[in-house]
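In what follows, a structure is listed as structure tokens, so that the remarks can point back to it.
The values are calculated or read from the model by the stated rules, or taken from the named source; none is laboratory data. This one's a predicted model, so the numbers in the text were calculated from it and none came from an experiment. Because the Cβ atoms are built from the backbone with ideal geometry, glycine has one as well, and the counts that use them run over all protein chains shown. These accessible areas exclude ligands, DNA and RNA; they are computed on the full protein's heavy atoms, side chains included. Shrake-Rupley method; radii C 1.70, N 1.55, O 1.52, S 1.80 Å.
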Amino acid sequence: MSKLQVENVSVSFGGSQVLKDISIHLEQGELVSLLGVSGSGKTTLFNVISGLLKPQSGTVVLNGEEITGKPGKISYMLQKDLLLPYRTIQDNVALPLIFQGMRKKAARKKASSMFEEFGLAGTETKYPSQLSGGMRQRAALLRTYMFSQDVALLDEPFSALDTLTKTQIHHWYLEVMEKIHLSTLFITHDIDEAILLSDRIYILTGKPGEILDEIVVKEPKPREADFALSDAFLEYKRTIIRRLEESGVTGVSL
Amino acid sequence: MIRKFRNIIRSKGPAVVAILAIIGIWEFLCVSGAVPRYMLPTPGDVVTSLISDRELLWFNAKVTLQEAFYGLGIGIAIGFVFAVLMDMFETLYRALYPVMVLSQTIPTVAIAPLLVLWFGYEMKPKIILVVIASFFPIAVGLLDGFKSADPDSVNLLRSMGAGRWRIFRYLKAPSALPSFFSGLRIATAYSVVTAVISEWLGGFNGLGVYMTRVKKAYAFDKMFAVIILISIVSLVLIAIVSILERVCMPYRHLDDADRQDS
């Protein structure tokens with residue numbers, strides 16, 4: 001059984017179609033990327049998966065349960081960390097647990113138990129403004145994890161970080177994902193990032209947003225640091241750019 | 001310690017010097033005879049009457065403060081209810097917001113006599129006037145605050161299964177705190193002044209009543225004393241609001257050294 005299955009999802013806003021017949025799936029332990037140019041409806045698709053938006057047609061199934069149009073089952077993380085500035089890190093992370101009906105004290109305790117794992121030890125009682133961008137993203141990720149346990153939806157989570165921090169957080173993410181048996185659906189417009197992290201890549205083009213192709217990145221994990229410099233990497237990149245250009249996306253830079 | 005002291009001097013020093021200079025010029029104008037003494041008392045005269053009249057002043061100040069407090073309290077409550085409803089129902093917002101702005105163009109002094117005619121010389125008309133004056137900054141502050149909640153955060157909380165109440169409790173209400181306090185500071189300053197003005201137009205006790213009495217007696221020194229007392233009272237109240245603000249929003253007053261960014 002797939003962790004997450006999206007089938008034949010179509011969405012239109014006021015007569016103009018945004019998503020057309022999208023079908024994707026995510027298996028246990030996989031990291032799958034949705035790679036698309038801006039305006040290809042990536043974020044709309046995420047809103048459908050998280051239940052905030054009910055599609056005109058199609059279904060979303062999480063762990064065998066249909067959740068189409070039902071929020072509260074799966075949460076996501078954006079480029080903006082959206083940590084509440086007036087809550088300490090541990091209270092931010094514990095928030096989804098409180099929404100699920102846990103008492104404040106128990107929720108705090110459960111949240112704090114994962115701080116070490118996420119490299120956040122010592123930040124429990126700090127406020128978001130006291131943390132660096134990378135740390136804040138980790139806290140946001142931990143909050144997502146607290147909520148939906150084994151499936152994470154990430155919408156360009158690292159694109160606001162500087163290159164060095166980004167590289168660090170990539171490695172860290174793959175490690176932690178492995179450790180806590182997380183499956184990830186990852187939206188990005190960054191081709192390199194998609195190849196580096198993914199097991200599979202869906203190429204999404206618009207408009208309306210459609211799945212153009214699915215590319216399997218066979219490179220075994222954990223991936224070597226110099227994978228990004230290898231011929232195999234460049235070959236994947238070439239393939240993706242060619243596919244994008246064929247579909248009418250021009251000026252993709254290498 | 002020494003550095004902290006130096007910082008205080010650097011930040012507050014200029015203001016202190018300016019105030020001392022103004023008092024100095026005032027004293028000079030009186031002593032040099034440029035302005036006759038009976039029209040403008042010296043700063044010393046004012047302090048003297050502030051001290052000699054302290055019991056009477058305090059008695060009247062209590063009345064005025066009471067009116068200001070009740071009015072402010074009711075104003076906060078009504079402002080809160082209106083802001084919440086107007087935030088929940090867009091139509092209500094569109095209907096009432098212009099009315100609220102319009103109501104602010106009516107000068108308080110103009111309706112005070114009416115209120116006295118309607119509600120008598122007791123505290124009631126004064127409290128009502130303070131409510132009218134303080135309601136607006138509170139309601140607008142809260143409304144702006146509620147609307148300042150990031151729509152992305154609203155969606156995120158919804159995706160976590162939060163309903164309307166939880167979005168209010170965990171996102172909208174705390175997001176509104178900063179602008180609520182800005183509104184509260186203004187409302188607090190208004191409340192004292194409005195209470196005084198409403199007392200001018202009829203009443204038995206209060207700083208405003210005292211003011212009209214000493215005016216009729218041409219006791220300029222006492223006049224100045226009561227004006228200074230009113231500003232001291234307002235300053236103290238605003239300081240209390242600032243302390244409250246710090247207590248309610250500790251995350252806004254973190255040590256700069258502790259911040260990664262701001």
Task: Within the range B:60-81, backbone nitrogen closer than 18 Å to the virtual label 7 Å beyond the Cα of B:Leu92 toward Cβ - done: B:75-81
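Once the other residues with Cβ under 15 Å from the Cβ of B:Val109 are scored (Lys, Arg +1; Asp, Glu -1), what is the net sum? Each step should come with its number before you reach the end.
Values: positive: B:Lys126; negative: B:Glu199.
Local charge sum for B:Val109: 0.
What shape does chain B take by its C-alpha gyration tensor, where a ≥ b ≥ c are the square roots of the eigenvalues and a/c under 1.5 counts as rounded, a/b above b/c as prolate, and the rest as oblate?
Working: a/c = 2.93, a/b = 1.43, b/c = 2.05.
Cα axes put chain B in the oblate bin.
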Open item on the list: Using the basic label-point model (7 angstrom from Cα toward the beta carbon), what is the B:Gln104 to B:Arg252 distance in nanometres?
Closed with: 1.8
- [ ] Return the single residue from B:Ser11, B:Ser191, B:Ser103 with maximal mean-square fluctuation; model: Gaussian network over chain B, springs between Cα atoms under 10 Å.
- [x] B:Ser11
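Would you tally the net charge around A:Arg243, using a Cβ to Cβ cut-off of less than 15 Å, leaving A:Arg243 out, and scoring K and R as +1, D and E as -1? Don't skip to the answer; put the middle values down first.
Details: positive: A:Arg200, A:Lys237, A:Arg238, A:Arg242; negative: A:Glu210, A:Asp213, A:Glu214, A:Glu235, A:Glu245, A:Glu246.
Local charge sum for A:Arg243: -2.
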- [ ] Count the lysine pairs in the range B:42-254 whose Cα atoms lie under 21 Å apart, taking only pairs 8 or more positions apart in sequence or on different chains.
- [x] 6
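Rolling a 1.4 angstrom probe over the protein heavy atoms, how many square angstrom per residue are accessible across the range A:166-254?
Values: 4610 Å² over 89 residues.
With all protein chains present, the range A:166-254 gives 52 Å² per residue.
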TODO: May I ask you to give the average projected area over all directions of the convex hull of the Cα atoms of the range B:58-146, in nm² rounded to one decimal?
DONE: 6.3
- [ ] Obtain the nm distance between the two label points defined at B:Arg6 and B:Lys216 by a simple spin-label model: each point lies 7 Å from its Cα along the Cα-to-C-beta direction.
- [x] 5.9
TODO: Would you mind working out the accessible area per residue for the range B:127-262, using a 1.4 Å probe, and quoting it in Å²?
DONE: 47
- [ ] Starting at the first residue of the range B:109-116, write each ³J(HN,Hα) from the Karplus equation 6.51 cos²θ - 1.76 cosθ + 1.60 with θ = phi - 60°, in whole Hz, x for Gly and Pro.
- [x] 4, 6, 9, 4, x, 4, 4, 5
- [ ] Run the numbers on the range A:74-103: which residues show a drop of 50 Å² or more in accessible area, chain on its own versus all protein chains together, using a 1.4 Å probe over heavy atoms?
- [x] A:Tyr76, A:Leu82, A:Tyr86, A:Phe99
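Over chain B, what relative contact order in percent results from Cα pairs under 8 Å that are six or more residues apart? Can you show the working numbers first?
Values: 258 pairs, mean separation 62.4, N = 262.
Worked out over chain B, it gives 24 percent.
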Open item on the list: Give me the one-decimal nm value for the distance between modelled label points at B:Val35 and A:Leu234, 7 Å along each residue's Cα-to-Cβ direction.
Closed with: 8.5
TODO: Would you mind classifying the range B:1-73 by shape? Square roots of the alpha carbon gyration tensor eigenvalues, ordered a ≥ b ≥ c; an a/c under 1.5 is rounded, otherwise it is prolate if a/b is larger than b/c and oblate if not.
DONE: oblate
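Enter the accessible area per residue of the range B:1-40 (Å², integer; probe 1.4 Å; all protein chains in place). Don't jump to the answer; show the numbers that get you there.
Numbers: 3680 Å² over 40 residues.
Ligands and nucleic acids excluded, the result is 92 Å² per residue.
Which order do B:Asp87, A:Asp21 take by accessible area at a 1.4 Å probe, largest first? It would help to have the intermediate numbers written out before the result.
Numbers: B:Asp87 25, A:Asp21 85 Å².
Descending order: A:Asp21, B:Asp87.
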Task: Rounded to the nearest 10 Å², the accessible area of B:Arg252 at probe 1.4 Å - done: 130
Open item on the list: With every protein chain left in place and a probe of 1.4 Å, what is the accessible surface of B:Trp58, to the nearest 10 Å²?
Closed with: 140
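With the contact rule set at Cα under 8 Å and sequence spacing of 6 or more, what percent relative contact order holds for the range B:1-136? Show your work: numbers first, answer last.
Values: 60 pairs, mean separation 35.3, N = 136.
The value is 26 percent.
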Task: Beta bridges by DSSP in the protein assembly as shown, antiparallel share as percent, to the nearest 5 - done: 55
TODO: State the extension gain, in nm to one decimal, for the chain segment bounded by A:Lys179 and A:Ser57, taking 0.36 nm per residue of separation less the distance between their alpha-carbons.
DONE: 40.3 nm
- [ ] Go ahead and set up a Gaussian network model of chain B, Cα springs under 10 Å, then flag whichever of B:Pro125, B:Pro137, B:Pro14 fluctuates most.
- [x] B:Pro14
- [ ] Rank these residues by their accessible area, most exposed first, probe 1.4 Å: B:Ile138, B:Ile186.
- [x] B:Ile186, B:Ile138
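Within the protein assembly as shown, what whole-number % of the accessible surface is contributed by carbon and sulfur, with the 1.4 Å probe and all protein chains included in the calculation?
Ligands and nucleic acids excluded, carbon and sulfur reach 61 percent.
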